[in-house]
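> Structure below; questions to follow.
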Amino acid sequence: MMITFQGFSKQKSPQVLFENALPASDPGTLEQLKELSSRRRAIESINQNSFVTDAIAREMSGGLTSRCEQNIQKVEQYLPLLGNLIHHVNIVGDNPKMARWISDLKIRWSSSLAPSSFFHLSGPKLYQMDNLHFELGMTLFVLGALLRDQALEVLSTDLVQSATILRKAAGIYQHLAQVVLPCLQPELAPERPPEALISVSAATTLVCLAEAQAVTVKKAEQKGNTGGLLAKLHYGVCEFLNEAIHTLNSATKQCKDISSLTDYITTCKMLHELLSYKYLAESLKTEGKIGFAIGVLCQVIQSSEKHTPREETWRLVYKQVIDDLTVLLRKYEHENEFVWHEKIPMQDELPVPQGVKIVSSILYQPQRWERTLVFKM
């Protein structure tokens, strides 16, 4: 990953006390509802200032040293309990009492993708939906985001593990888009967080796959693979991201502004397109087609001027890649002028990279603790 976007995992949610809203019919149910609240409280603390020392946090997590892994564990311990509650609520069906109790939970989440508002000086804007699938969807979105953070954390030490974690994150977002969020769409309020939209999760699936392939390309570069293969792999990243941009088009109609995510995807796509053309040019040069190599480099450098990344760190990376391509172009032009004297083909005669996708998502399989819950109906 040449640039990073860490805006997926900054959601916040006020406290939810399940035992206060859902009347338990027996002590066992009450105890399980209290445990559910306790597990959720651990998730609520993820994006809050923590006064827990590293040593205590490590002990509480069973020896995990990474804060990211500790947070992932918190979410994974909550989800089976939440799944069990949803199972028993579904058994009850469309019951007015249950609907009122779920409403009393006041499930509210902020968005990490929607822009901050000056009108919410006391904290981030909260979106409320009286549906447990909203709670499940937002929690899974956080889990996928935390996995992305973990992939970035291990990127410098283990490329294979980083790519595998990103594929797991893709599987979670795919599950969200295909299984969880469709249950929620009929009840979506006019104002909703982007994370509750099918198109956003579908696009994020593709982003994670693109990032996983980008890590795989880095591994291939380290192994000394040839320019032709690297050009195809980089362009495969572009194809994932092109599909993500297309998928997000419907989300932009429902959400006023998710431009930070859109710009990240667009900048990533442009960076990998630049690298794809770089390796294509090197491959053409190796084949003795320096005129075509020069034409390809001229074309992609010219097209890169149409995009300016919004983040300063992204702009620096973008500029460095373009500068590297410009140096390569000048080298080829100098060599062609003094040695080969090849004609530069017209733009419509130039080859374009052929993308290859080699990664796929790892299927997410939700876990549910099968414990009986009985309510005072």
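> Identify, please: which residue in segment 103-130 is out of contact with any strand residue (DSSP E or B) (no Cβ under 8 Å at 6 or more places or on another chain), under 30 Å from Tyr364 (Cα atoms) and at pLDDT 95 or above and is, among those, most open to solvent (accessible area, probe 1.4 Å)?
Ser103
> Can you tell me how many residues within segment 301-316 are touching a residue at least 40 places away in the same chain (Cβ under 8 Å) and either more than 12 Å from Thr267 (Cα to Cα) or open to solvent by less than 40 Å² (accessible area, probe 1.4 Å) (or both)?
Counting residues in segment 301-316 that are touching a residue at least 40 places away in the same chain (Cβ under 8 Å) and either more than 12 Å from Thr267 (Cα to Cα) or open to solvent by less than 40 Å² (accessible area, probe 1.4 Å) (or both) gives 3.
> Report whether or not Arg100 is among the basic types (Lys, Arg), surrounded by 17 or more Cβ atoms within 10 Å (Cβ to Cβ) and either in contact with a helix residue (DSSP H, G or I) (Cβ under 9 Å, 6 or more places away or on another chain) or at pLDDT 95 or above (or both).
Against the criterion (among the basic types (Lys, Arg), surrounded by 17 or more Cβ atoms within 10 Å (Cβ to Cβ) and either in contact with a helix residue (DSSP H, G or I) (Cβ under 9 Å, 6 or more places away or on another chain) or at pLDDT 95 or above (or both)), Arg100 does not qualify.
> Kindly list, by first and then second residue, each pair from a residue in segment 285-300 that is basic (Lys, Arg) to a residue that is open to solvent by 50 Å² or more (accessible area, probe 1.4 Å) and modelled with pLDDT of 95 or more, limited to pairs with Cβ atoms under 6 Å and residues at least 6 apart or on different chains.
That search, which allows pairs on different chains as well, returns nothing.
> For Leu64, which of the numbered conditions (1) of a type in the set (A, V, I, L, M, F, W, C); (2) surrounded by fewer than 18 Cβ atoms within 10 Å (Cβ to Cβ); (3) part of a helix (DSSP H, G or I) fails to hold?
Of (1) of a type in the set (A, V, I, L, M, F, W, C); (2) surrounded by fewer than 18 Cβ atoms within 10 Å (Cβ to Cβ); (3) part of a helix (DSSP H, G or I), only one is false for Leu64: (3).
> Scan segment 264-299 residue by residue and report those that are of a type outside the set (Ser, Thr, Tyr), over 15 Å from Leu325 (Cα atoms) and open to solvent by less than 20 Å² (accessible area, probe 1.4 Å).
Ile265, Cys268, Gly291
> Just for helices (runs of 4 or more DSSP H) wholly inside segment 81-189: which have at least 1 residues that are out of contact with any Cys (no Cβ under 8 Å at 6 or more places or on another chain) and under 24 Å from Ser260 (Cβ atoms)?
Hits in segment 81-189: 132-154, 159-175.
> Under 8 Å between Cβ atoms, at least 6 apart or on separate chains: pull out the pairs that start in segment 205-234 with a residue that is more than 20 Å from Leu280 (Cβ to Cβ) and end on any residue that is modelled with pLDDT under 95 and polar (S, T, N, Q).
Here the result reads Leu206/Thr247, each pair linking segment 205-234 to a residue that is modelled with pLDDT under 95 and polar (S, T, N, Q).
> Please determine whether any residue of segment 323-340 is open to solvent by 50 Å² or more (accessible area, probe 1.4 Å), aliphatic (A, V, I, L, M) and either part of a loop (DSSP other than H, G, I, E, B) or without any contact (Cβ under 8 Å) to a residue 60 or more places away in the chain (or both).
Within segment 323-340 (the criterion being open to solvent by 50 Å² or more (accessible area, probe 1.4 Å), aliphatic (A, V, I, L, M) and either part of a loop (DSSP other than H, G, I, E, B) or without any contact (Cβ under 8 Å) to a residue 60 or more places away in the chain (or both)), the answer is yes, since at least one residue qualifies.
> Can you confirm whether segment 4-12 contains a residue that is in a helix (DSSP H, G or I), of a type outside the set (S, T, N, Q) and either modelled with pLDDT under 95 or in contact with an Asp or Glu (Cβ under 6 Å, 6 or more places away or on another chain) (or both)?
no
> Cβ contacts < 8 Å: first residue within 19 Å of Lys74 (Cα to Cα), restricted to segment 146-157; second residue buried (at least 18 other Cβ atoms within 10 Å of the Cβ) and among the aromatic types (Phe, Trp, Tyr), any location; separation 6+ or different chain. Result?
Listed by first residue and then by second, the contacts come to Arg148/Phe8.
> Please specify each residue of segment 165-223 satisfying the condition of being among the polar types (S, T, N, Q) and farther than 13 Å from Gly144 by Cβ.
The answer is Gln178, Gln185, Ser199, Gln213, Thr216, Gln222.
> Next question, about the same structure. Within segment 237-290, can you find the residues that are among the acidic types (Asp, Glu), modelled with pLDDT of 95 or more, in a helix (DSSP H, G or I) and farther than 11 Å from Pro353 by Cβ?
Hits for segment 237-290 are Glu243, Glu282.
The values are calculated or read from the model by the stated rules, or taken from the named source; none is laboratory data. Quick caveat, the model's predicted, so the values are computed rather than measured. Here the Cβ is made from the backbone with ideal geometry for all residues, glycine too, and neighbour counts use every protein chain on show. Quick note on the areas: whole protein, heavy atoms, side chains included, nothing else; ligands and nucleic acids left out. Shrake-Rupley method; radii C 1.70, N 1.55, O 1.52, S 1.80 Å.
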